Amino acid sequence: MNKFHTAVLTALIVSFGASAAVIEQQWGDWRNSGGMAFPLFTENKAGEELTLSCSGHELVVAYEDKKSHYRVNSTEGLKDMYVLINRKVYALEPRSYVPGEPIPAQVTFDALKRTGPKDKIAFTSAQSGESKPFSAKGLSNALDGITWQDCTQFP
């Protein structure tokens, strides 16, 4: 009977430990932690990090220069803030100010979904300047099956 209780207790401990483990997924150069679709992040050769998430019913893009301990995100009201995909400029505003025009962040989200393994992504703002390029390898796979409507559902 004592061995039985030990076996049950061991099974419970192992089960609890496994459920508490953080699951990390990776798609090419992009990954996430926590087993959910977001946030997705990648690093470039310069040690900078780019993170894409859906929060507050909008697309949030965060940039971090780990060497200088500088971090900004698209919800902080930076001036002239954009994502560049192969040097093409994409805005991050969460709403359109012209009736009938597409939401800039949705256009950006859709463009990120269409990236290929050879595409390059950068972050830029008046305050941070332009980041070094990030690889888009795996990003379209990470975003596969996720729509703009899904993104705007995240509280």
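Exactly one residue out of Thr115, Thr75 is surrounded by 14 or more Cβ atoms within 10 Å (Cβ to Cβ), modelled with pLDDT under 95, in a loop (DSSP other than H, G, I, E, B) and under 15 Å from the mean Cα position of the chain (by Cα), and it is Thr75. Looking only at residues of region 142-155 that are farther than 20 Å from Asp29 by Cα and surrounded by 13 or more Cβ atoms within 10 Å (Cβ to Cβ), we find that the one that is modelled with the lowest pLDDT is Phe154. For region 29-40, taking the residues that are surrounded by fewer than 17 Cβ atoms within 10 Å (Cβ to Cβ) and either among the β-branched types (Val, Ile, Thr) or not in a loop (DSSP other than H, G, I, E, B) (or both), the one that is nearest to the chain's Cα centre (by Cα) is identified as Arg31.
Looking at region 81-112, which of its residues are β-branched (Val, Ile, Thr) and either under 16 Å from the mean Cα position of the chain (by Cα) or closer than 19 Å to Gln149 by Cα (or both)? Hits for region 81-112 are Val83, Ile85, Ile103, Val107, Thr108. Determine whether His57 is free of Cβ contacts under 8 Å to residues at least 12 places away in the same chain, over 16 Å from Lys137 (Cα atoms) and out of contact with any helix residue (DSSP H, G or I) (no Cβ under 8 Å at 6 or more places or on another chain). So His57 fails the test. Filtering Glu58, Glu43, Glu24 for residues that are surrounded by fewer than 18 Cβ atoms within 10 Å (Cβ to Cβ), modelled with pLDDT of 85 or more and among the acidic types (Asp, Glu) leaves a single hit, Glu43.
Restricting attention to region 91-112 and to residues that are part of a loop (DSSP other than H, G, I, E, B) and among the small types (Gly, Ala, Ser), the residue that is nearest to Val60 (Cα to Cα) turns out to be Ser96. Within region 78-94, if we keep just the residues that are more than 22 Å from Lys137 (Cα to Cα) and surrounded by 10 or more Cβ atoms within 10 Å (Cβ to Cβ), the residue that is modelled with the lowest pLDDT turns out to be Leu78. Only a single criterion out of (1) loosely packed, with under 12 Cβ neighbours inside 10 Å; (2) hydrophobic (A, V, I, L, M, F, W, C); (3) closer than 18 Å to Asn44 by Cβ is not satisfied by Leu139, namely (1).
Just one of the listed residues (Gly47, Gly28) is of a type outside the set (A, V, I, L, M), on the phi > 0 side of the Ramachandran plot and either touching a residue at least 40 places away in the same chain (Cβ under 8 Å) or touching an Asp or Glu at 6+ places or on another chain (Cβ under 6 Å) (or both), namely Gly28.
The values are calculated or read from the model by the stated rules, or taken from the named source; none is laboratory data. In this text the structure is predicted, and so the values were computed from the model without any measurement. Here the Cβ is made from the backbone with ideal geometry for all residues, glycine too, and neighbour counts use every protein chain on show.
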